[in-house]
Each structure stands twice: as C-alpha cells, then as structure tokens.
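Novice: Questions regarding the structure given below will be posed in turn.
The numbers here are math on the coordinates, done by the rules we state, and not lab data. Everything numeric here is computed off the predicted structure, so don't read it as measured data. Glycine also receives a Cβ, built like all others from the backbone with ideal geometry; neighbour counts cover every protein chain displayed.
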Amino acid sequence: MILNTYIAGPFDANNYLLMDKVSKEAVLIDCSEYKQRIIEDITKLGAKVKCILLTHGHFDHVLGVNEMTKALNVDAYINQADIILTDNINNMVNRISNPPVLEIPEIKGRIQDWQEFTIGEHRIKAIPTPGHTEGGMSFLVDDEMLFSGDTLFCQNFGRTDLFGGNIKKLVHSIKDVLFELNGDIIVYPGHGPATTIRNEKLSNEILRYNN
C-alpha cells in the first residue's frame, strides 16, 4: 500500500492518496484543494483513481472537488446527511472574514453506513461517526489505518458548535465506536499529525466527557 499525504486548503486539511501497489487502484480521501502535485503524483505512480471519498461536508474539506473530479474523471462520494452542508457551502464560508463566493461541489456518490470500497485486495470500510457533522464518516482500511476526518485528532476531537454538530453523538462515535478498534491502528486525521487508537484512548481530550 502507498499512502501520500497532502496538506491543502485554507485551514491546512489533510488530503490522502491511497494506492494498492499491485493493481494501482487508488482513492483520494478528502479534497480540500486542487493541487497540481496530487495530479503529478498520480501520473508518476500510474495510479488508477476510482473515486474521491469525503469524510464530511465542511467547506475546507471539499473545495477541490469540482476541479479534481473533472481532472481525474471520477465521482466524489459523501454521506447523504452532509449534502445539506455542501449545497449550502457559502452559508458556512460566510463565517470567515472577506469570504469568497464558492462553487457548489458536484458530489454524485452517496456513502452508506458500513459500505465497503476496494482498491485491489484492500478493503475500505465506511464507519458512521456523526458528531462533528451529522454525516461524518471514518474510513477503516484493512484494520490497519483509520482516516478519521475531523472526528478524532491527535489528543483532541472535532468541534460541535457548527450546524449538524452534536457533542453527545461525537462522544459516542469516538468512545463507543472508534475506541473499540484495535489499538495498533494508525489514525490519519483531517488536520494535524497521525496517531494511534491506543494513544488516543490514553490521552485524548474526549476522555473528559461522559457518554
């Protein structure tokens, strides 16, 4: 498995290119900006990108969707509950100073809870982890890697004060779902450095909250 990380967009979100070495099949996880380097790496690797998987619908994770889907001739996928966020992307971006007018992302695919995607022999399971947004998803790859979006960070967790946020749901998603996974699983979050499930069960700020 090949994993490339790209920090992109206005809030330094992590975008991930994941590729099976044998079949060259690949996916992009989150798409916060169209970056020529991503296209160049895909070409250099000979990657056959099947789709773009979105962890959630906040604008800083989807700003590159339209350009990237056209460049790669693939569809983007998101959970249905977060379409309200992407369809109203300009309402959210208005929270920052001097907001630009953004093009609404064209997201044709829908991710179902516990749906599985494949790249070569590798399996990607879509785990529903609402709380940061109602349709937040985490992607578990081969019980070895977890792409947690803005649900779980290194020693922290996603905010819940925006539309669709719910602290009780987030606590459940992390403590009762993600923390039940194997402790050796490496967590690749939507922002910041990677960590492990074991480390977060010991030190994450979510431990201060009761279910």
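Novice: May I ask you to evaluate 6.51 cos²θ - 1.76 cosθ + 1.60, the Karplus curve with θ = phi - 60°, for each residue of region 117-127 and list the ³J(HN,Hα) values in order in whole Hz, giving x for glycine and proline?
Specialist: Along region 117-127, the couplings run 10, 10, 10, x, 8, 8, 10, 10, 9, 8, 9 Hz.
Novice: Another one. Explain nothing, just compute: Karplus ³J(HN,Hα) = 6.51 cos²θ - 1.76 cosθ + 1.60, θ = phi - 60°, for every residue of region 81-91 in order, whole Hz, x for Gly and Pro.
Specialist: Running phi through 6.51 cos²θ - 1.76 cosθ + 1.60 with θ = phi - 60° gives 5, 9, 4, 4, 6, 6, 5, 10, 4, 6, 5 Hz.
Novice: Let me ask you something else. If amide H atoms are built 1.01 Å from N in the plane of the peptide, which residues on other chains or at least 5 residues away come under 5 Å of the amide H of I7?
Specialist: Long-range HN contacts for I7: N15.
Novice: Compute the longest continuous run of the chain that contains no exposed trypsin sites (Lys or Arg not before Pro); treat a site as exposed when its DSSP state is not H, G, I, E or B and it has at most 16 other Cβ atoms within 10 Å.
Specialist: 25-94
Novice: Here is a further query. Go ahead and run the numbers for FRET between I83 and S203, Cβ-Cβ distance against an R0 of 22 Å, rounding to 0.05.
Specialist: With R0 = 22 Å, the Cβ-Cβ based efficiency is 0.05.
Novice: Okay, moving on. Treating only the Cβ of Lys, Arg, Asp and Glu as charged (+1, +1, -1, -1), what charge dipole size does region 2-208 show about its Cα centre? Round to the nearest 20 debye.
Specialist: Here region 2-208 has a charge dipole of around 80 debye.
Novice: Add -39500 (n - 2.57) for each DSSP H run of 4 or more in the chain, then divide by its residues: what number comes out at 222 nm, to the nearest 500 deg cm²/dmol?
Specialist: -4500 deg cm²/dmol
Novice: From the cross-link list K44/K201; K168/K201; K24/K125; K21/K168; K35/K108, which pairs have alpha carbons spaced over 29 Å apart?
Specialist: Check vs 29 Å cut-off fails for K44/K201; K21/K168.
Novice: Which shape class applies to region 2-208: rounded if a/c is under 1.5, otherwise prolate when a/b exceeds b/c and oblate if not, where a ≥ b ≥ c are the square roots of the Cα gyration tensor eigenvalues?
Specialist: Because a/c hits 1.5 or more and a/b fails to exceed b/c, region 2-208 counts as oblate.
Novice: Around R110, which amide H atoms from residues at least 5 apart in sequence, or from another chain, sit under 5 Å from its own amide H, with H modelled in the peptide plane?
Specialist: I78
Novice: Hey, quick one: spin label on F163, modelled 7 Å out along Cα-Cβ, who in region 52-84 has an amide N within reach, i.e. under 17 Å?
Specialist: 56-63, 79-84
Novice: Report the gain in length on full extension from E103 to L3: 0.36 nm times residue separation, minus Cα-Cα distance, nm rounded to one decimal.
Specialist: 33.1 nm is the gain from fully extending E103 to L3.
Novice: Want the number for E40 to T118: 0.36 nm per residue separation, take away the alpha-carbon distance, what's left?
Specialist: Separation in residues times 0.36 nm, less the Cα-Cα distance, equals 25.8 nm.
Novice: Turning to a different aspect of this structure: Given the Cα-Cα distance of N73 and V22 and 0.36 nm per residue of separation, how much length would full extension add, in nm?
Specialist: 16.2 nm
Novice: Net charge near Y16: determine it from the other residues with C-beta under 12 Å of the C-beta of Y16, scoring Lys and Arg +1 and Asp and Glu -1.
Specialist: Value of the local net charge: -2.
Novice: In percent, what relative contact order does the chain have, based on Cα pairs under 8 Å that are 6 or more apart in sequence?
Specialist: Dividing the mean separation by the residue count of the chain yields 15 percent.
Novice: Taking region 41-116, which GluC sites (Glu not before Pro) meet the DSSP loop condition and have no more than 13 other C-beta atoms within 10 Å?
Specialist: E103, E106
Novice: Can you work out ³J(HN,Hα) from phi for every residue in region 136-151, in order, using Karplus 6.51 cos²θ - 1.76 cosθ + 1.60 and θ = phi - 60°, giving whole Hz and x for Gly and Pro?
Specialist: My calculation for region 136-151 gives x, 10, 10, 10, 9, 10, 6, 6, 10, 10, 10, 9, 9, x, 9, 6 Hz in order.
Novice: Would you mind checking which residues have amide H under 5 Å from F153's amide H? H placed 1.01 Å from N; only 5 or more apart, or other chain.
Specialist: So F153 has HN proximity to G158.
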